[in-house]
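As structure tokens, the structure follows; a few thoughts come after it.
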Amino acid sequence: MSALKADVIIVGGGIMGASSAFFLRQRGMSVILLERGLIGQQASGVNFGNTRRMGRPIEQLPLSNRSREIWLKFKELFGADVELLLNGHLRAGFTPAHEERMVKYAEEAKSFGIGMQMLGAKTLHERFPYLGPEITSGCYAPYDGHANPRLAAPAIGRAAVRAGAQVFENTEMTSLEKDGGDFVATTADGRTFRAPVALVTAGAWGNRISTRFGEPVPMVAKAPQMCVTEPVPYAIGPTIGGMADTFEQVVYFRQVARGNIVIGGGGHELADIDKRRAYVNPSRTLYKLKSAPRVMPAFNHLHIIRVWGGIEGYMDDSRPAMGPSARVPGLYYAFGFSGEGFQLGPGVGEVMAELIATGATSTPIECYDIGRFAAPVANAA
Amino acid sequence: MGQPRVIIIGAGPAGVRCAETLVRAGLRPTVVDENRRDGGQIYRRQPDNFTRPYDKLYGTEAERAQSLHASFDALRAKVDYMPETLAWNIFGGKLHVVRDQRSKALPYDALVICSGATDRLMPVKGWHYAGTYSLGASQIALKAQACAIGRQVVFMGTGPLLYLVASQYVKAGANVAAVLDTSPLMRRVAALPKLLARPAVLRNGLALVSYLKRAGVQVLTGITPVEITGSAENGVQGVVVRDKHGNERSFECDAVGMGYHLRPETQLADLARCSFRFDAETRQWLPEVGEDGRTSVPGVYLAGDGMKVLGADAAEIGGRLAALAVLKDLKLKVNEDELQALRAEQAKMDRFRRGLAQAFPWPAEQAAALPDDAVVCRCEVVTAGDLRRTVREMGAQEANRAKALCRVGMGRCQGRYCGHAGAEIIAHAAGVPLEQVGRLRGQAPVKPLSMAVREEVE
Amino acid sequence: MNHRFVRLAETNRAIVRIVIDGAPVEALAGDTLMVAMLNNVRSLRESEFGDGRRAGFCLMGACQDCWVWTAQNTRLRACTTVVAEGMNIVTRQPEATWANLA
């Protein structure tokens with residue numbers, strides 16, 4: 001059987017891969033996307049769903065802003081409603097140290113159009129009368145919000161297909177090799193695919209592929225710990241995050257239009273990328289049950305109806321590997337977004353498409369070079 | 001070695017007999033039960049201040065009920081009984097339970113899950129209206145609360161429970177307008193050889209039908225449900241079906257009791273990471289069980305309707321067998337003759353159960369026939385049309401994918417009542433075998449968990 | 001007829017007084033909250049998603065269709081809660097202020 005050819009092979013069909021496929025098609029490049037399971041089934045589909053900019057590392061904000069522009073046109077571009085709600089994002093602090101952290105960030109990030117407002121206790125409790133009495137300060141970003149992660153990547157994937165991308169779900173890649181000027185991908189069902197460019201968007205499994213090309217990265221697979229309440233009347237506009245001093249105390253939540261409140265936090269569990277298993281630790285569920293009422297006491301009246309986890313790739317320095325390979329021409333990476341990738345997804349796709357098609361991108365991503373992990377080369381004698 | 005820690009979940013027939021067998025062997029098991037009182041569902045005990053005698057409550061099963069209750073009463077001092085305690089999760093070799101908003105993690109050497117069953121439902125257009133109840137619910141209203149679910153009740157579905165509940169209602173003085181059985185009479189005849197595995201039970205069943213007819217209740221077989229009529233504000237107003245000749249028939253009522261046999265509660269087996277296999281005969285996924293209730297996970301056992309629906313009598317046998325399996329696996333002595341006798345009894349039960357499945361089949365074909373505007377998922381109000389659109393326009397061919405995209409099974413009940421029909425609709429719309437659609441993965445908590453719950457610190 | 005369930009027996013029990021939607025009603029000791037309510041009104045709650053009133057379904061704590069709001073904005077599963085004197089239930093969805101501090 002002869003190989004199927006395209007300009008670009010994308011390995012991994014999460015939001016990064018689906019988005020890259022779509023934007024490469026916008027630039028007239030042919031695309032093959034290989035996904036072992038279904039589009040958006042892993043980290044892209046199980047994360048908290050925050051589309052915030054506030055709180056991101058400063059160097060990430062240009063990419064985040066670029067992505068935001070695409071989120072604002074989601075329905076128009078991708079043809080689906082993914083329940084985007086832009087009623088703001090609120091960080092709530094309990095101590096003077098928390099307030100300091102928020103003030104510092106608001107100052108550092110002030111030129112990125114996030115519109116952050118520091119709020120004192122009185123204003124906070126007036127504007128958000130459900131907040132707990134222990135909260136003494138807050139920072140409100142009025143334009144941020146959240147969307148439905150279960151819907152987003154699949155919608156982008158379907159749009160990519162409509163735009164002419166060749167998407168192969170339930171197709172496990174067994175090898176990716178350079179053969180002359182081409183990358184050759186072989187899949188478990190015996191097919192081969194060829195392209196001069198390969199883009200690795202394989203999330204927590206990205207390291208397997210980068211290692212094969214001599215570029216291992218320090219990444220750990222972890223399972224986010226999520227839970228959700230029954231649907232209750234819509235009352236909480238912003239995504240809310242309680243500042244914390246330990247991972248166990250971390251809690252953040254968002255209420256969807258239908259009324260359920262999604263709650264994350266309480267730390268992570270390790271995930272098994274070989275068996276593709278990730279579990280929710282009941283203790284971490286109970287941490288959230290304890291932390292959430294400190295932010296909103298009314299939680300004590302509610303019930304959680306479901307928990308879930310998933311598999312996300314976390315880099316040691318919490319930054320992704322994004323950009324060209326440092327060793328292999330034609331090879332690109334966009335994986336390891338360390339639990340922060342959902343909001344960046346559309347932007348990452350647009351940037352990678354720009355980079356692959358034109359050789360450069362206007363959005364600064366040099367700090368995400370995979371070359372930063374390379375061992376220093378010994379000096380020549 | 002200290003006393004082995006054995007935890008039994010469920011104080012119904014399986015759990016009680018399991019506990020009894022372990023206590024006889026010198027162990028002190030923990031018995032966790034969600035309800036206020038022991039007995040499970042079929043032998044549900046009425047509140048303390050109720051006065052109806054056993055024969056009134058349990059009819060032909062009065063003796064068995066009395067024996068079960070008396071057995072547990074005698075056991076209470078010899079087990080660690082935890083009533084009103086929900087087993088909400090299993091993780092890291094511990095059972096997580098909650099009572100009075102305190103959660104504890106109980107380690108175990110052996111865990112016997114006797115979680116019982118719920119009714120199995122096939123949706124019909126209008127089944128979301130106030131006044132639609134499961135057959136089990138109709139029975140609980142009567143047995144545990146001395147109430148009828150309405151002034152004029154129609155019972156619809158299939159299985160022996162349909163006739164049992166209807167006749168119990170008539171006997172108790174309720175107004176039953178009709179009993180509508182989707183299974184054609186001929187199927188009962190064809191299943192007779194298997195049903196004869198338990199002649200007494202078969203006789204009781206036949207007697208119920210003649211009782212109903214003598215009481216003037218319309219009993220129709222081979223019907224096809226069309227619609228439960230009603231209004232959003234007032235609830236159920238009637239039932240429309242097609243009879244076996246294809247003619248439309250309407251029945252006025254303010255309540256419908258509906259059900260198609262039972263389905264095992266398998267969430268805890270799922271959380272314990274037991275493997276499941278597809279049972280083609282009953283068109284559902286069941287935990288894989290080896291001999292005597294052993295699962296694919298060492299130390300975890302199943303018994304009763306929570307393993308496979310075989311009925312209360314078989315549950316008692318299953319509970320005893322699981323206890324013997326636990327003892328054997330803990331390298332304790334068991335009576336081999338007792339073991340063999342119990343296995344032989346259970347085999348008879350299984351033959352009868354297969355006869356019931358043949359006589360009163362799950363009406364799988366009704367799923368494909370549901371109109372697009374029929375609600376399938378009551379919790380999230382997802383219609384058959386929504387689900388079909390998710391298959392056809394979004395490519396969902398698998399249960400969890402469909403759930404992620406259109407919310408079917410994502411509500412409070414975690415797919416207990418929509419899961420089976422949902423899978424049938426997906427299979428039909430996608431043109432794939434039912435087995436390929438898979439099953440909804442169980443997620444903790446098994447039932448809604450109050451956010452006021454805190455971890456109990458020793 | 002302003003109730004849904006029909007008592008067939010066991011009516012000789014102590015009276016328990018509760019409030020439903022602001023109106024005082026009577027139940028009998030030993031009733032579940034669901035039975036107490038449905039012997040006085042025809043439904044327990046409104047569905048969150050616009051399909052109308054709900055009156056429970058399984059009566060055994062499995063379907064989760066009978067969760068009701070109290071006047072204090074707490075939640076009770078009606079079929080597994082025993083009715084108690086003074087319970088104050090509302091059968092409509094609360095306002096968005098349910099989450100506000102008292």
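Looking for something over 26 Å from the mean Cα position of the chain (by Cα), assigned to a helix (DSSP H, G or I) and in the same structural domain as B:Val97 (by TED's automatic domain parsing) - is there at least one such residue anywhere in segment B:42-55? Looking through segment B:42-55, none of the residues is over 26 Å from the mean Cα position of the chain (by Cα), assigned to a helix (DSSP H, G or I) and in the same structural domain as B:Val97 (by TED's automatic domain parsing).
Within the option set C:Arg75, C:Arg54, C:Arg42, being open to solvent by 10 Å² or more (accessible area, probe 1.4 Å) and in contact (Cβ under 8 Å) with a residue 12 or more places away in the chain holds for one residue only, C:Arg42. The set of residues from segment B:9-39 being over 17 Å from B:Glu265 (Cα atoms) and among the polar types (S, T, N, Q) comprises B:Thr21, B:Thr30. Return a yes/no flag: does segment B:187-208 have any residue that is more than 14 Å from chain C (Cβ to nearest Cβ) and closer than 26 Å to B:Val376 by Cβ. Yes - at least one qualifying residue is present in segment B:187-208.
If the requirement is being in a strand (DSSP E or B) and hydrophobic (A, V, I, L, M, F, W, C), which of these qualifies: A:Ala185, A:Ala204, A:Ala160, A:Ala235?
Step by step, each of A:Ala185, A:Ala204, A:Ala160, A:Ala235 is checked, and only A:Ala185 is in a strand (DSSP E or B) and hydrophobic (A, V, I, L, M, F, W, C).
To keep it simple, each residue is scored yes or no on (1) open to solvent by 10 Å² or more (accessible area, probe 1.4 Å); (2) in a strand (DSSP E or B); (3) touching a residue at least 12 places away in the same chain (Cβ under 8 Å); (4) hydrophobic (A, V, I, L, M, F, W, C).
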| residue | (1), (2), (3), (4) |
| --- | --- |
| A:Ala21 | no, no, yes, yes |
| A:Gly55 | yes, no, yes, no |
| A:Glu59 | yes, no, yes, no |
| A:Lys75 | yes, no, no, no |
| A:Ala80 | yes, no, yes, yes |
| A:Arg91 | yes, yes, yes, no |
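Scanning segment B:428-442 for residues that are open to solvent by 10 Å² or more (accessible area, probe 1.4 Å), in a helix (DSSP H, G or I), away from every other protein chain (no Cβ under 12 Å) and closer than 19 Å to B:Thr282 by Cα gives B:His428, B:Leu434, B:Glu435.
Yes/no per residue for (1) within 30 Å of B:His420 (Cα to Cα); (2) open to solvent by less than 20 Å² (accessible area, probe 1.4 Å); (3) touching a residue at least 12 places away in the same chain (Cβ under 8 Å); (4) within 14 Å of chain C (Cβ to nearest Cβ):
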residue	(1), (2), (3), (4)
B:Leu57	no, yes, yes, yes
B:Asp73	no, no, no, no
B:Asp80	no, no, yes, no
B:Ala87	yes, yes, yes, yes
B:Val112	yes, yes, yes, no
B:Val124	yes, yes, yes, yes
B:His128	yes, no, yes, yes
B:Ser134	yes, yes, yes, yes
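Within the set C:Ala55, C:Ala99, C:Ala84, the sole residue that is touching a Phe, Trp or Tyr at 6+ places or on another chain (Cβ under 9 Å) and more than 7 Å from chain B (Cβ to nearest Cβ) turns out to be C:Ala99. Flag: B:Leu180 matches the condition of being assigned to a strand (DSSP E or B), farther than 30 Å from B:Pro298 by Cα and of a type outside the set (Lys, Arg). Restricting segment A:116-133 to residues that are within 14 Å of chain C (Cβ to nearest Cβ) and in a helix (DSSP H, G or I), the residue that is most open to solvent (accessible area, probe 1.4 Å) is A:Lys122.
The set of residues in segment A:241-291 that are of a type in the set (Lys, Arg) and either over 15 Å from A:Arg306 (Cα atoms) or open to solvent by less than 30 Å² (accessible area, probe 1.4 Å) (or both) comprises A:Arg254, A:Arg258, A:Lys275, A:Arg276, A:Arg277, A:Lys288, A:Lys290. Of the residues that make up segment A:138-153, is at least one among the small types (Gly, Ala, Ser), farther than 15 Å from A:Thr239 by Cα, in contact (Cβ under 8 Å) with a residue 24 or more places away in the chain and open to solvent by less than 60 Å² (accessible area, probe 1.4 Å)? Taking every residue of segment A:138-153 in turn, at least one turns out to be among the small types (Gly, Ala, Ser), farther than 15 Å from A:Thr239 by Cα, in contact (Cβ under 8 Å) with a residue 24 or more places away in the chain and open to solvent by less than 60 Å² (accessible area, probe 1.4 Å).
The values are calculated or read from the model by the stated rules, or taken from the named source; none is laboratory data. This is a predicted model, so every value here is computed, not measured. All Cβ positions, glycine included, derive from the backbone under ideal geometry; neighbour counts span all protein chains shown. SASA here: full protein model, heavy atoms, side chains in, ligands and nucleic acids out. Shrake-Rupley method; radii C 1.70, N 1.55, O 1.52, S 1.80 Å.
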